[in-house]
Amino acid sequence: MFKRITPVLFILLWLVAAVAPQVGAYAAAADEEGPRLMAFLPAQGGLAGRDAVVAMSFDRPMDTESLEEAASFNPPVDFQVSGESECLIVPVSLLEGDMGYTFRLEPGRATDLQGRPYAQGLELTFSTRDDGMVMEVPALSFHGEVVEGSSPQGVATLTGFGVGHYPGAGRPGSGNFVLMAHSSGQVAFPFNALNRMQEGDRFIIDYGGREYQYVLEEGLVIHDDEFWILDPTPSPILTLFICCAEDGNPSPTFHPPYRYIVRATLSR
């Protein structure tokens, strides 16, 4: 059977196919001229998912530090840069849905490995679809939409008996994707039994027509002021936290000072 091609791998394959026939024509000039941008995604004025990345293919390896300094989004977006000739500008979190974005690469600031600047720069506009996200947790018989909002308190208010995405904390399949849910000893919330899940249990995220499966690795109790659980991670994980009592069980009182968290690694 063929293995599934991930969105990032698809973008890289597209970039290679798009520029390979053209690179030879510029090889002789590359030693003296500045770098050339051969192709980019999304398309100018195009429509993209909220998990969009900006992909740029140059005719030579680029200095990633200078790319990071030259790049920006409006509205502002935190991002990471990877690659050299085939460069990816990857937003740390999902973009807002139904929103127009402008990506800019400032002229003359991005350079190749020899310090020669890319003089032209780039201004790319695109819009995002308002894609929804669904989560399934078979061990808890839970299936529901992932709520989103602009602030943690706003997400907590809207979550109810469901689950919410902590604003700005990761994206499906990349980094530390942080979710939050309610738990209480007085209300029968679906995630009251989170601390009874077993190693190997699955969390399934469906977003943009793609499925991301995470496998539970650990669960632990922390204090409510331990914000390290929001820190970015180099490998894709899912973090889910709920309020709890000191022993990890649902609290008999509201707003307890403890959180039970689980961490799961991406399996596919």
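The values are calculated or read from the model by the stated rules, or taken from the named source; none is laboratory data. Bear in mind the structure is a predicted one, so any value in this text is a computation, not a measurement. Using ideal geometry, Cβ is built from the backbone for each residue, glycine included, and neighbour counts are taken over all protein chains shown.
Remarks
- The residue that is surrounded by the most Cβ atoms within 10 Å (Cβ to Cβ), counting only those in the range 185-200 that are under 14 Å from Gly162 (Cβ atoms) and not aliphatic (A, V, I, L, M), is Phe191.
- Residue, nearest to the chain's Cα centre (by Cα), within the range 201-219, restricted to residues that are of a type in the set (Val, Ile, Thr) and within 15 Å of Glu145 (Cβ to Cβ): Ile205
- The residues of the range 51-72 that are closer than 14 Å to Thr125 by Cα and touching a Ser or Thr at 6+ places or on another chain (Cβ under 7 Å) amount to a single one, Ala52.
- Filtering the range 226-240 to residues that are surrounded by 10 or more Cβ atoms within 10 Å (Cβ to Cβ) and out of contact with any strand residue (DSSP E or B) (no Cβ under 7 Å at 6 or more places or on another chain) leaves only Glu226.
- Pair list, Cβ < 6 Å and 6+ apart or interchain, from the range 89-109 residues that are charged (D, E, K, R) to residues that are surrounded by 15 or more Cβ atoms within 10 Å (Cβ to Cβ): Arg104/Ser72; Glu106/Ala70; Glu106/Gly121; Arg109/Ala70
- A count restricted to the range 251-268 and to residues that are part of a loop (DSSP other than H, G, I, E, B) and either touching a His at 6+ places or on another chain (Cβ under 7 Å) or not β-branched (Val, Ile, Thr) (or both) stands at 8.
- Any chance Leu179 is under 22 Å from Phe254 (Cβ atoms) and more than 16 Å from the chain's Cα centre (by Cα): no
- Residue satisfying all of: in the range 121-142; out of contact with any strand residue (DSSP E or B) (no Cβ under 7 Å at 6 or more places or on another chain) and in a loop (DSSP other than H, G, I, E, B); farthest from Ala193 (Cα to Cα) among these: Asp130
- Ala110 vs. criteria at pLDDT 90 or above and crowded, with 19+ Cβ neighbours inside 10 Å: yes
- One residue from Pro172, Pro117 being within 16 Å of the chain's Cα centre (by Cα) and either outside the structural domain of Leu95 (by TED's automatic domain parsing) or surrounded by fewer than 19 Cβ atoms within 10 Å (Cβ to Cβ) (or both): Pro172
- Where strands (runs of 3 or more DSSP E) sit wholly within the range 65-107, those with at least 3 residues that are assigned by TED's automatic domain parsing to the domain that holds Gly34 and in contact with a Phe, Trp or Tyr (Cβ under 9 Å, 6 or more places away or on another chain) occupy 71-74, 86-91, 100-105.
- Matching residues, the range 39-54, being in a strand (DSSP E or B), among the hydrophobic types (A, V, I, L, M, F, W, C) and touching a residue at least 60 places away in the same chain (Cβ under 8 Å): Phe40, Leu47, Ala48, Val54
- Given (1) within 21 Å of the chain's Cα centre (by Cα); (2) crowded, with 21+ Cβ neighbours inside 10 Å; (3) farther than 21 Å from Gln80 by Cβ; (4) in contact (Cβ under 8 Å) with a residue 24 or more places away in the chain, number of the condition His165 does not satisfy: (3)
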